[in-house]
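Chemist: If you scroll down you'll find the structure; I have some questions about it.
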Amino acid sequence: MSRRESVLKGAAALALAGLIIKVGNLLVRLPLTRMVGSEGLGIYQMALPAYNALLHLAVGGVPVAVQNLVAEYNARGRRDVMHRVLHLALTYALLAGAAAACLLLIGAPFLARALGDARSYWPLVALAPAIILNGLDSVFRHYMQGQKQMTPSAVASVLEQGTKIAVTMGAAVLLLPLGLEYAAAGAALGITVGALASVLFMLWRVRREREEDEAGDAPREERQMPRGLGVRMLRLAWPVTLGSVTMPLLNVLDVSIVQRGFLKAGYPPAQATALYGAFAGIAVQVVWFPFVLTNAVANATVPTLTAAQARGDMEAVRQRVVMGLRTASLICLPVAIGAMVLATPIALLFGEPLAADPLRHLGPVALLGPLTWMTVAQLQALGETGAPMRNLTLAMGLKLALDGLLAPIRGIDVNGVATASVAMFFTALWFNARELERLLQEPVPWGRILMGPTVASLVMGAVIWAMRLLVTPNRSPHSWRE
């Protein structure tokens, strides 16, 4: 199999796994939302940014550094060095993850109050072990991806999602009689058990690979291990760590700003939590549906971008950058238009009309978000690990300011928060595009990337809108929001 075929096969495996995961996520959200309502979903969603912040604080950019180092030494045929990199990274992830998990357990009472709803305490506790498990899992996956082996990550993702769905629904059903906060904790427990299933599979897969290496007949030459390997790994990791920690921490602050803004707007606490649940638990999940597909493309093309740059083949680098961005636009533009046109039916499918307006305003994020993360992956592949994280942090600062202004205004509130998200991703994408143009030494051809998908998606949106008007003929063209 050629290198190109291998990359395409890996991208297809990750994309298929991502599609299964995202569909599974949406399917489990339907009964979960109907079971616990937007209020219970809001309690669950409030805990996630704090969990993500501590996970990134513990592991940060180490998995990215592992992937880069493994790709480099795999090309040199130094599997002994690859194994050493894996051992160092796993040790670091285990120790740092354990410290972060303890920090979350100790700080959960204070953090729950700071988030604006003390009931988020039990979901925070349920998520603490997942910090350790997901840290180890991420190291294993990036180790395999550094060797351009995407299928193990895809299989692990499907296994993790299946376990997560089963545990989430089972635990939520069992704990719901105790209260919404306990049902939300049961849903959070699904993340922890799913991560455990994935770690066990990846551990088995890596051990099998090691056994195959040891059973090989090729003569082994004793070669000196590169000096300062651990220091180099941390040097590669720290710019990504800095950005990846800053973003989740800002997300935690954002949850508090938004929740308190809704309270200032005059909503009772339970209704404010329900409003946040409709936004973060339904609308955000829908617009992020195409992300897993574009993320699969990004992960599969990162090694080829790095290799093309190492060869000095800038034309190949430009082609791969444009291909990645065009693929993302082809996948995401129809979802963005569809989310805006079909916001009300989608919200009713979840049994939560509150989600319709924020989903409609959040629709452009279905395009801007994946494009932003595609440019982040491309910049990191080209050696710019600090710039994209800095750009995301600046854009998140803009979102915090807009949320603080718009969330307390009754009538704007959640729609203003959704608009702030659109502004954030547009800003981050604009800054990232400038960095790409500097590295590529020519402008990014956005017209060629977006023109065809935009025209096709607008035609699709117009047809869907017309069909809705035919199905509900009593509605005027301006009543599609209802």
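Chemist: Tally time: how many residues in the range 413-443 are within 20 Å of G277 (Cα to Cα) and either hydroxyl-bearing (S, T, Y) or surrounded by fewer than 16 Cβ atoms within 10 Å (Cβ to Cβ) (or both)?
Modeler: 2
Chemist: Another question, if that's okay. Would you check if V365 is among the β-branched types (V, I, T) and either closer than 30 Å to A307 by Cα or in contact with a strand residue (DSSP E or B) (Cβ under 9 Å, 6 or more places away or on another chain) (or both)?
Modeler: no
Chemist: Moving on to the next point. Have a look at I132, I106 and point out the one that is out of contact with any strand residue (DSSP E or B) (no Cβ under 8 Å at 6 or more places or on another chain), in contact (Cβ under 8 Å) with a residue 24 or more places away in the chain and not small (G, A, S).
Modeler: I132
Chemist: Would you mention how many residues in the range 261-279 are open to solvent by less than 10 Å² (accessible area, probe 1.4 Å) and closer than 17 Å to L32 by Cβ?
Modeler: 3
Chemist: Is it fair to say A47 is within 23 Å of the chain's Cα centre (by Cα) and in a helix (DSSP H, G or I)?
Modeler: Against the criterion (within 23 Å of the chain's Cα centre (by Cα) and in a helix (DSSP H, G or I)), A47 qualifies.
Chemist: May I pose another question? From the list G107, G40, G18, G10, pick out the single residue that is within 30 Å of A278 (Cα to Cα), assigned to a helix (DSSP H, G or I), modelled with pLDDT under 80 and not basic (K, R).
Modeler: G18
Chemist: For the range 133-180, enumerate the residues that are in contact with a helix residue (DSSP H, G or I) (Cβ under 7 Å, 6 or more places away or on another chain), open to solvent by less than 40 Å² (accessible area, probe 1.4 Å) and outside any helix (DSSP H, G or I).
Modeler: Once the filter is applied, which keeps residues that are in contact with a helix residue (DSSP H, G or I) (Cβ under 7 Å, 6 or more places away or on another chain), open to solvent by less than 40 Å² (accessible area, probe 1.4 Å) and outside any helix (DSSP H, G or I), the range 133-180 yields Q147, M150.
Chemist: Here is a list: P345, P364. Which entry is at pLDDT 90 or above and under 30 Å from G416 (Cβ atoms)?
Modeler: P364
Chemist: Kindly indicate whether W465 is touching a helix residue (DSSP H, G or I) at 6+ places or on another chain (Cβ under 7 Å) and either farther than 30 Å from P358 by Cβ or modelled with pLDDT of 75 or more (or both). Working first, answer last.
Modeler: Working: touching a helix residue (DSSP H, G or I) at 6+ places or on another chain (Cβ under 7 Å): yes; either farther than 30 Å from P358 by Cβ or modelled with pLDDT of 75 or more (or both): yes.
Criteria met by W465.
Chemist: Here's something else I'd like to know. Taking the conditions exactly as written (among the aromatic types (F, W, Y) and more than 18 Å from L104 (Cα to Cα)), does W204 satisfy them or not?
Modeler: yes
Chemist: Same structure, new question: Just checking, how many residues over the range 199-214 are among the aromatic types (F, W, Y) and either surrounded by 14 or more Cβ atoms within 10 Å (Cβ to Cβ) or touching a helix residue (DSSP H, G or I) at 6+ places or on another chain (Cβ under 8 Å) (or both)?
Modeler: Counting residues in the range 199-214 that are among the aromatic types (F, W, Y) and either surrounded by 14 or more Cβ atoms within 10 Å (Cβ to Cβ) or touching a helix residue (DSSP H, G or I) at 6+ places or on another chain (Cβ under 8 Å) (or both) gives 1.
The values are calculated or read from the model by the stated rules, or taken from the named source; none is laboratory data. This one's a predicted model, so the numbers in the text were calculated from it and none came from an experiment. As a convention, Cβ positions derive from the backbone with ideal geometry for all residues, glycine included, and neighbour counts pool all protein chains shown. Only protein heavy atoms, including side chains, enter the accessible area calculation; ligands, DNA and RNA are left aside. Shrake-Rupley method; radii C 1.70, N 1.55, O 1.52, S 1.80 Å.
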